[in-house]
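In what follows, a structure is listed as structure tokens, so that the remarks can point back to it.
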Amino acid sequence: MEKNMMNIEEEGKRHLTLTVNGAHVESDIEPRMTLAEFLREELELTGTKVGCNRGECGACTVLLDRNPVYSCTMLAVDAAGKEVLTIEGLAEGEKLHPLQETFVEHDALQCGYCTPGMILSAKGLLDRNPRPTEDDVRNAIDGNLCRCGSYPNIIEATIAASEKRAQKERVK
Ligand code: FES
Ligand code: FES
């Protein structure tokens, strides 16, 4: 009896293949699992935060094929075959991503709970618009709430990261 139940549970699972932070990932998961749950519980990538768990706060933002998405309102199975980038995938070894550096330099976090989602929304913006205006940044992060009210510093940090990147490109 116990064995039959196990088989039924196993049959209910779906095989998922995707890329996470550049690595090929395969897993058998329940179809109801959200992408946020998959990242945090199956892959132990707990840098992706869950705030509201209903698509309102943006804490769970990750990039899916380079576009910001709320991972709490998306099923993991819908990410099949796609590329996911989480906050853990930004730094190269010990070297922080320019956005991570400028968030620190510009004091763009207090409790830090919104920070991974903010940084990924900002990265999504800089990838499609390398020299954004302040209004562009405001629009890009309008789905990310910061309860600590760090918005001015977050905007400054994002503009500073775009300048850093432009300087690096001039040096090349
Ligand atoms: S936790 Fe996903 S939007 Fe709030
Ligand atoms: S730094 Fe605390 S919620 Fe944004």
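The values are calculated or read from the model by the stated rules, or taken from the named source; none is laboratory data. As the structure is a prediction and not an experimental result, all values here were calculated from the model. In this analysis, Cβ positions are derived from the backbone assuming ideal geometry, glycine residues included, and neighbour counts consider all displayed protein chains. What goes into the accessible areas is simple: the full protein's heavy atoms, side chains included, and nothing from ligands, DNA or RNA. Shrake-Rupley method; radii C 1.70, N 1.55, O 1.52, S 1.80 Å.
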Lys pairs, the chain - Cα-Cα below 22 angstrom, 8 or more residues apart or on other chains: 13
Segment 83-144 - convex hull of alpha carbons, volume per residue in Å³: 105
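Any idea of the accessible area per residue across segment 84-170, 1.4 Å probe, to the nearest Å²?
On the way: 4430 Å² over 87 residues.
That works out to 51 Å² per residue.
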In segment 90-119, which GluC sites (Glu not before Pro) fall in coil by DSSP and have 15 or fewer other Cβ atoms within 10 Å? Glu94
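Tell me the carbon and sulfur percent of the accessible area for segment 98-152, rounded to whole percent, probe radius 1.4 Å.
Values: 1330 of 2660 Å².
Looking at segment 98-152 in its full context, I get 50 percent from C and S.
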Could you sort His106, His15, His97 by accessible area so the largest value comes first, with the probe set to 1.4 Å? His15, His106, His97
When the scattering of the chain is computed by the Debye formula from its Cα atoms alone, each counted once and equally, what is log10 I(q)/I(0) at q = 0.09, 0.10, 0.12, 0.20 Å⁻¹? -0.34, -0.41, -0.56, -1.30
